[in-house]
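Q: Take a look at the following structure, please.
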Amino acid sequence: MYKQIYRAGALALACSAALAEGPATSESEIDEITVFGQGRPQQATERPGPVSVLTPEDLVSINAATTEDLVKYEPNLVIRRRYIGDPNGTMGIRGSNMFQTTRSMVYADGIPLHYLLQTQWNGSPRWSLVAADEIGLIEVVYGPFSAEYSGNAMGGVVNIETRIPTERRVHVEGTMFQQAYDHQGFDESLPGGRGFVSYGDRYGDFSVYAAYSHLQNDSQPMEYLFDPVATPDGTETPVEGGVSATDEYGNPVVYFGNGGRQSSTTDQVKTKLGYQFGDWLALLTVGYEERGISTDAVRNYLRDESGMPIWNGSVASGDAAFEIASRDFRENEQERRSLLVGGRLQGRLGEHWWLEGSVSDFAVLEDVTRTSNANPDDPAWTTSGTVSAYDDTGWSTAEVKLRSDRAFGSDALSLVTGASHERYSLRIDNYTSADYVAGELTTPNNASGGETAITAVFAQLGWRPAEAVDLSVGARYETWESRDGFWYDYARDSLQDHEDRKENRVSPKFSVGYRPADAWELRYSLARAYRFPIVEELFQNERRTTGTSIANAKLEPEDGLHHNLTLERGIDGGYLRLNLFTETIDDVIFNQSAIVDNRLITTFLPVDEVRTRGTEFVYNQAGIWSRLDLRLNVAYVDSEILENSANPEIEGKDFPRMPAWRGHLLANWRVSDRWDVGGGIRYASNSYGDLDNADVAQGVFGAHDSYLQANLRTSYALSESIRMSLGIDNLTDEIAFVHHPWPGRTLYLELGLDL
């Protein structure tokens, strides 16, 4: 901990960030806040692909319990937040599904929040390290068409710019939420709450923002326990209480329990210090997060003839025989502490030149998951269990960018160029509690891990040969390294090393725009992007009681070719936009699994070629009839596996977790200066979870259902300093699954106070 605090102090001395006066969020706030990083003009080099922008006025109708909620209505984007307080709020954009988390990036004031150490459910951005209260602007950049971003932007980039206090403001906020969930043996009312307080002020050239947030919530079950059925042979123990249904493949199974509620607690502390000198501003950001998650209410439906629970063995319910095991009902708890320190410098070098620099350091201070060997109510339960712990895990980044809106002395040229370096390291230890005595491991350690690094230089030149035409050409050169990879070899009873690797790639970019009239714009963009493998995919090997995960240290980078055609029509208070896009990606890294000798084996393997074609329609308009704001978008996507030499049978199948249709509607009606009424609708069609598209059943655990959820919110200012809000998510209480269940109907009551 003290080591991380020392880093924070070093960054405070070494780093700065820039502030340029930007538009305030409303007339009443012009003297209170400015938006970080909005002082220079936008250039053609910065917008070679589609961008969607959100201001605080666009967010007032969203029940935003956590920060990731703020972008969930954006075009062709999905946030898989399974419950309030879920640490695995993954994001999918366009042709990158919600488990391809290495294909989307999230920044707050230029500091990365994306988690490029792991993927799938473990790869969620660290959303909570930026508070909704401090957000001044959000932009969603679609595709890797800018040379400023690596191939991790294949799906897109979320840029969050925060507000800088210019006068004293103390904000206190309390939120209560209540979910009712009733499905397949679970029927409970689940409470939760969030408390938040922030302080902002300016002292001469210094500004300070500090915030504390505490969130506690109980979720619906994240797992349902089931087993395939067979014909009884008379040797099974008769039981009652099982629920006959199907699995996601349509096979008959018996559900014999569920994972019970998950209890989640999150504490987050954020400090942001700014110093302005002339046209420059130094910004230091320190964010600390502490999470605790426990699953200690696992339900067992089964009872024998005497009414006692059955925990293991061969059992029969009517004409269905199936197997259960003590480990099915195990409980677990996770403790996670992390620290993010970042600095930013942005300012003017001359009349037409701007410099921006940023550095960051993210450290996992603790991440331990303890899993019991059985349920505490099971006679087979003992104090032993398994432990997974991360050590020496985190990242550090540094980047510098130079911009000009009059490059090489020409008013027709603009330029952005720069360089970056990123380093990622991960180590995971897996052991039983019996192996850990007096603070030390007494048996060989089942450990794995390693490190990757990427160094890049980039440049993008914009040229405006005529008033109605602009051209952008760029390239990104990257050197990627994997090093110090290791794994535990059971046969040799020792740690073994992977061979270090080094590869180089160049990613060219091109964009041309034409504006035949003031209100119209036509733009075509083309880009190649390489997404290099991350540490987990290369090095993380785990051997657990439930299965084995095997990394693949020889993975090649994903190789994508991306096209986008945009037609946009400006209208009063907004725009209409049509995007046609296609992306063809070779060597798509995908986590694949199979049962081998009654054991689940998972590994990362490439799918040779996946092509995604899509259409996005966007209608955004504010001030309809002077008081109504609307944001409507509909997307159609066809994502197909074209080639796969390892298993040609999946060629022609849909790529997993890619619904053909997505749609969002977000509306707000300003009834008066004090009263807002609005809400939203989110829709997605069903999809598949497996490469062979065999999971065709709907409405069961493991399925990927279609869903249509309506959300409502109203907010009323009781005075200039007190505001109350009421909200409902999932108004119709629809039960749907995205492998895990989406939340049921959830009620919100929020009270905010400005001091």
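The values are calculated or read from the model by the stated rules, or taken from the named source; none is laboratory data. The model shown is predicted, which means the values in this text are computed figures rather than measured ones. As a convention, Cβ positions derive from the backbone with ideal geometry for all residues, glycine included, and neighbour counts pool all protein chains shown.
Q: Would it be correct to say that Val400 is in a strand (DSSP E or B), within 25 Å of Glu536 (Cβ to Cβ) and β-branched (Val, Ile, Thr)?
A: Considered against the rule, which asks whether it is in a strand (DSSP E or B), within 25 Å of Glu536 (Cβ to Cβ) and β-branched (Val, Ile, Thr), Val400 comes out as no.
Q: Given the options Asn159, Asn152, name the one that is closer than 30 Å to Arg523 by Cα and in contact with a Ser or Thr (Cβ under 7 Å, 6 or more places away or on another chain).
A: On inspection, the qualifying residue turns out to be Asn152.
Q: What number of residues in segment 721-755 are assigned to a loop (DSSP other than H, G, I, E, B) and of a type in the set (Phe, Trp, Tyr)? Spell out the reasoning first.
A: Within segment 721-755, the first condition is being assigned to a loop (DSSP other than H, G, I, E, B), and the residues that meet it are 721, 730-736, 739, 742-745, 755.
Subset that is of a type in the set (Phe, Trp, Tyr): 742.
Qualifying residue count, segment 721-755: 1.
Q: Looking for whichever is in a loop (DSSP other than H, G, I, E, B), at pLDDT 55 or above and either of a type outside the set (S, T, N, Q) or more than 17 Å from Ile135 (Cβ to Cβ) (or both) here; the options are Glu68, Glu21, Glu74. Which one fits?
A: Going through Glu68, Glu21, Glu74 in turn, just one is in a loop (DSSP other than H, G, I, E, B), at pLDDT 55 or above and either of a type outside the set (S, T, N, Q) or more than 17 Å from Ile135 (Cβ to Cβ) (or both): Glu74.
Q: Of these, Thr119, Thr90, which one is closer than 26 Å to Tyr688 by Cα and at pLDDT 95 or above?
A: Of the residues listed, the single one that is closer than 26 Å to Tyr688 by Cα and at pLDDT 95 or above is Thr90.
Q: Could you tell me how many of the residues in segment 604-619 are in contact (Cβ under 8 Å) with a residue 60 or more places away in the chain and either within 30 Å of Ser61 (Cβ to Cβ) or polar (S, T, N, Q) (or both)?
A: 4
Q: Additional query: Can you name the residue in segment 555-593 that is within 30 Å of Glu57 (Cβ to Cβ) and not in a strand (DSSP E or B) and, of all such residues, is nearest to the chain's Cα centre (by Cα)?
A: Selected residue: Gly573.
Q: Hey, any hits in segment 667-674 for a residue that's assigned to a loop (DSSP other than H, G, I, E, B), modelled with pLDDT of 95 or more and among the hydroxyl-bearing types (Ser, Thr, Tyr)?
A: Scanning segment 667-674 turns up at least one residue that is assigned to a loop (DSSP other than H, G, I, E, B), modelled with pLDDT of 95 or more and among the hydroxyl-bearing types (Ser, Thr, Tyr).
Q: Mind counting the residues in segment 163-204 that are closer than 21 Å to Ser219 by Cα and touching a helix residue (DSSP H, G or I) at 6+ places or on another chain (Cβ under 8 Å)?
A: The total comes to 1.
Q: Can you spot a residue in segment 254-264 that is surrounded by 15 or more Cβ atoms within 10 Å (Cβ to Cβ) and within 24 Å of Val172 (Cβ to Cβ)?
A: Our first condition is that a residue be surrounded by 15 or more Cβ atoms within 10 Å (Cβ to Cβ); within segment 254-264, this holds for 254-264.
Those still in the list that are within 24 Å of Val172 (Cβ to Cβ) too: 264.
Yes, that holds for at least one residue.
Q: Could you tell me whether segment 440-452 includes any residue that is among the acidic types (Asp, Glu), more than 30 Å from Gln346 (Cβ to Cβ), assigned to a helix (DSSP H, G or I) and at pLDDT below 95?
A: Among the residues of segment 440-452, not one is among the acidic types (Asp, Glu), more than 30 Å from Gln346 (Cβ to Cβ), assigned to a helix (DSSP H, G or I) and at pLDDT below 95, which makes the answer no.
Q: Mind checking which strands (runs of 3 or more DSSP E) fall wholly inside segment 274-376 and carry at least 1 residues that are closer than 30 Å to Ala211 by Cβ and of a type in the set (Phe, Trp, Tyr)? Outline the logic, then answer.
A: Details: elements: 280-295, 313-317, 320-324, 332-350, 353-372.
Of the strands (runs of 3 or more DSSP E) lying wholly inside segment 274-376, those with at least 1 residues that are closer than 30 Å to Ala211 by Cβ and of a type in the set (Phe, Trp, Tyr) span 280-295, 353-372.
Q: Next up: Is there a residue being surrounded by 17 or more Cβ atoms within 10 Å (Cβ to Cβ) and of a type in the set (Asp, Glu) anywhere in segment 320-331? Walk me through it before giving the result.
A: Step one: filter segment 320-331 for residues surrounded by 17 or more Cβ atoms within 10 Å (Cβ to Cβ), giving 320-322, 324, 326-331.
Cutting the leftovers down to of a type in the set (Asp, Glu) gives us 328, 331.
Yes; the residues of segment 320-331 include at least one that is surrounded by 17 or more Cβ atoms within 10 Å (Cβ to Cβ) and of a type in the set (Asp, Glu).
Q: Among the residues of segment 332-353, which ones are surrounded by fewer than 20 Cβ atoms within 10 Å (Cβ to Cβ) and not aliphatic (A, V, I, L, M)?
A: Asn332, Glu333, Gln334, Glu335, Arg336, Arg337, Arg348, Gly350, Glu351, His352, Trp353
Q: If you don't mind, another one. For segment 696-715, what are the residues that are assigned to a loop (DSSP other than H, G, I, E, B), within 22 Å of the chain's Cα centre (by Cα) and surrounded by fewer than 21 Cβ atoms within 10 Å (Cβ to Cβ)?
A: The answer is Gly702, Ser706.
Q: Pick from segment 521-571 the residues that are more than 24 Å from Pro144 (Cα to Cα) and hydroxyl-bearing (Ser, Thr, Tyr): which of them is modelled with the highest pLDDT?
A: Taking segment 521-571 first, the residues more than 24 Å from Pro144 (Cα to Cα) are 539-554, 570-571.
Then drop every residue that is not hydroxyl-bearing (Ser, Thr, Tyr), which leaves 545-546, 548-549.
On the way: Thr545: 56, Thr546: 60, Thr548: 70, Ser549: 74.
If we take residues in segment 521-571 being more than 24 Å from Pro144 (Cα to Cα) and hydroxyl-bearing (Ser, Thr, Tyr), then Ser549 is modelled with the highest pLDDT.
Q: Right, next: In segment 626-654, what residues are among the β-branched types (Val, Ile, Thr) and either closer than 30 Å to Ile681 by Cβ or without any contact (Cβ under 8 Å) to a residue 12 or more places away in the chain (or both)? Working first, answer last.
A: Of segment 626-654, the ones among the β-branched types (Val, Ile, Thr) are 634, 637, 641, 650.
Hits for segment 626-654 are Val634, Val637.
Q: Could you list all residues from segment 80-130 that are in a strand (DSSP E or B), more than 9 Å from the chain's Cα centre (by Cα) and surrounded by 24 or more Cβ atoms within 10 Å (Cβ to Cβ)?
A: Ile93, Ser96, Ala108, Ile111
Q: Out of curiosity, is Asp133 surrounded by fewer than 24 Cβ atoms within 10 Å (Cβ to Cβ) and either free of Cβ contacts under 8 Å to residues at least 60 places away in the same chain or in a strand (DSSP E or B) (or both)?
A: no
Q: Condition first: assigned to a loop (DSSP other than H, G, I, E, B) and either surrounded by 18 or more Cβ atoms within 10 Å (Cβ to Cβ) or among the charged types (D, E, K, R) (or both). Now tell me which residues in segment 377-394 satisfy that.
A: Asp377, Asp378, Trp381, Asp391, Asp392, Thr393
Q: Name the single residue, out of those in segment 395-419 being touching a residue at least 40 places away in the same chain (Cβ under 8 Å) and small (Gly, Ala, Ser), that is surrounded by the fewest Cβ atoms within 10 Å (Cβ to Cβ).
A: Ala412
Q: Considering each of Ala710, Ala667, Ala697, Ala684 in turn, give the residue that is more than 30 Å from Gly623 (Cβ to Cβ) and among the hydrophobic types (A, V, I, L, M, F, W, C).
A: Ala697
Q: What are the pairs with Cβ atoms under 8 angstrom where one residue, in segment 255-268, is touching a residue at least 12 places away in the same chain (Cβ under 8 Å) and closer than 23 Å to Thr67 by Cα and the other, located anywhere, is acidic (Asp, Glu) and assigned to a loop (DSSP other than H, G, I, E, B)? Sequence gap at least six, or different chains.
A: Ser263/Asp296; Ser264/Asp86
Q: Picking from Arg168, Arg163, which residue would you name as being over 15 Å from Gly85 (Cα atoms), buried (at least 16 other Cβ atoms within 10 Å of the Cβ) and charged (D, E, K, R)?
A: Arg163
Q: In addition: Got at least one residue in segment 215-237 being free of Cβ contacts under 8 Å to residues at least 60 places away in the same chain, surrounded by fewer than 18 Cβ atoms within 10 Å (Cβ to Cβ) and closer than 30 Å to Arg163 by Cβ?
A: There is no residue in segment 215-237 that is free of Cβ contacts under 8 Å to residues at least 60 places away in the same chain, surrounded by fewer than 18 Cβ atoms within 10 Å (Cβ to Cβ) and closer than 30 Å to Arg163 by Cβ.
Q: Only one residue in Ala325, Ala282 is among the small types (Gly, Ala, Ser) and at pLDDT 95 or above, so which one is that?
A: After applying the criteria, what remains is Ala282.
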